[in-house]
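Since the structure comes first, as structure tokens, the remarks are kept for the end.
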Amino acid sequence: MTEPVNRTILLFDIEKFGQRDDVEQTFMRRMLHTVVEDTLTAAGVEPTAQHREDRGDCVMALISPEIAKPRLLRALLTQTPTLLHANNRLAAASAQVRLRIVVASGEVALHPQPGTLGGAVGHDLNQAFRLLDADPLRAALRERSEQSVLCVSDSVYQGVVRHGHPGLRPEEFHEISVRTKEGSLTGWLCGPVPPEHARPQQEPPMCIRDRCDLRLQRRLP
């Protein structure tokens with residue numbers, strides 16, 4: 001096993017893939033790989049700067065830390081929707097591809113086994129897949145007219161998105177909490193959060209005068 005290296009983790013997953021027949025799935029997988037390839041090309045990611053694995057209805061790409069995350073996020077926010085729209089125009093209604101996309105980062109090691117493909121392992125990678133499978137992300141894609149939804153991990157939001165680099169608008173990302181086997185996990189969904197998954201609004205703290213007024217009201221008959 002190679003020693004773990006910090007990488008940017010990109011995950012792309014097709015919505016309702018298992019509900020399609022074999023012919024439709026083959027067509028959709030081909031479209032998925034085309035969209036992923038063209039997105040990474042638009043972001044300037046050379047083949048030598050990535051490790052990509054096919055997971056059936058999902059593609060995982062591990063990107064070298066030398067590739068700037070703002071550049072990847074801009075491509076996902078602008079190029080990917082355009083690519084999906086262009087490819088879906090040529091597809092039958094039953095073979096339209098809609099994607100859940102996650103961007104995370106962390107330590108990932110490669111542990112390939114003879115005669116098999118893949119072998120990426122790491123806690124941060126597992127957490128990224130937990131976000132990809134999260135109910136808020138599924139619900140957001142189901143309820144929107146757009147053909148993709150993007151979620152970033154808390155580390156990507158705190159380290160990149162919230163600083164407002166060119167092309168990134170922090171106010172468009174909303175915090176979500178995901179329950180996993182390992183506990184609660186925080187992610188940031190681009191666009192509105194479905195009402196059933198929105199975090200409850202916290203009431204603003206009372207000032208000293210308000211608290212005094214409240215105590216006085218309670219004492220009055």
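Loop-located trypsin sites (Lys or Arg not before Pro) in the stretch 61-91 (DSSP state not H, G, I, E or B) with no more than 11 neighbouring Cβ atoms inside 10 Å: Arg89.
Considering only Thr39, Thr116, Thr180, the Gaussian network model of the chain with Cα springs below 10 Å gives its largest mean-square fluctuation to Thr116. Each stretch of four or more DSSP H residues adds -39500 (n - 2.57); spread over every residue of the chain, this sum gives -11000 deg cm²/dmol at 222 nm.
Largest mean-square fluctuation among Ser64, Ser145, Ser153, in a Gaussian network model of the chain whose springs join Cα atoms under 10 Å apart, belongs to Ser145. Straightening the chain between Glu172 and Val23 buys 49.9 nm, computed as 0.36 nm per residue apart minus the Cα-Cα spacing. Using R0 = 25 Å, the C-beta based FRET efficiency linking Glu146 and Ser94 works out to 0.85. Available extension along the chain between Glu182 and Glu66 is 38.7 nm, counting 0.36 nm per residue and deducting the alpha carbon span. Computed from Cα atoms alone, the Kirkwood hydrodynamic radius reported for the chain is 19.1 Å. When the solvent-accessible area of the stretch 61-179 is split by element, carbon and sulfur atoms take up 49 percent of it, the probe being 1.4 Å. Each residue of the stretch 47-152 gets 133 Å³ once the volume of the Cα convex hull is shared out per residue.
Per residue, the average separation of C-alpha pairs within less than 8 Å and at least 6 apart gives the chain a relative contact order of 21 percent. Rolling a 1.4 angstrom probe over the protein heavy atoms with all chains in place gives the chain an accessible area of 57 Å² per residue. May I ask you to derive the relative contact order of the stretch 62-190, considering only C-alpha pairs under 8 Å and at least 6 residues apart, and to give it as an integer percent? After rounding, I find 25 percent.
Taking 1.306 mPa s as the viscosity and 10 °C as the temperature, the Stokes-Einstein diffusion coefficient of the stretch 126-181 based on its alpha-carbon Kirkwood radius rounds to 128 µm²/s.
The values are calculated or read from the model by the stated rules, or taken from the named source; none is laboratory data. Every value quoted in this text rests on a predicted model; they were computed, and no experiment measured them. Counting neighbours? That spans all protein chains shown, and the Cβs are built from the backbone with ideal geometry, glycine included. For accessibility, only protein heavy atoms count, side chains too; no ligands or nucleic acids. Shrake-Rupley method; radii C 1.70, N 1.55, O 1.52, S 1.80 Å.
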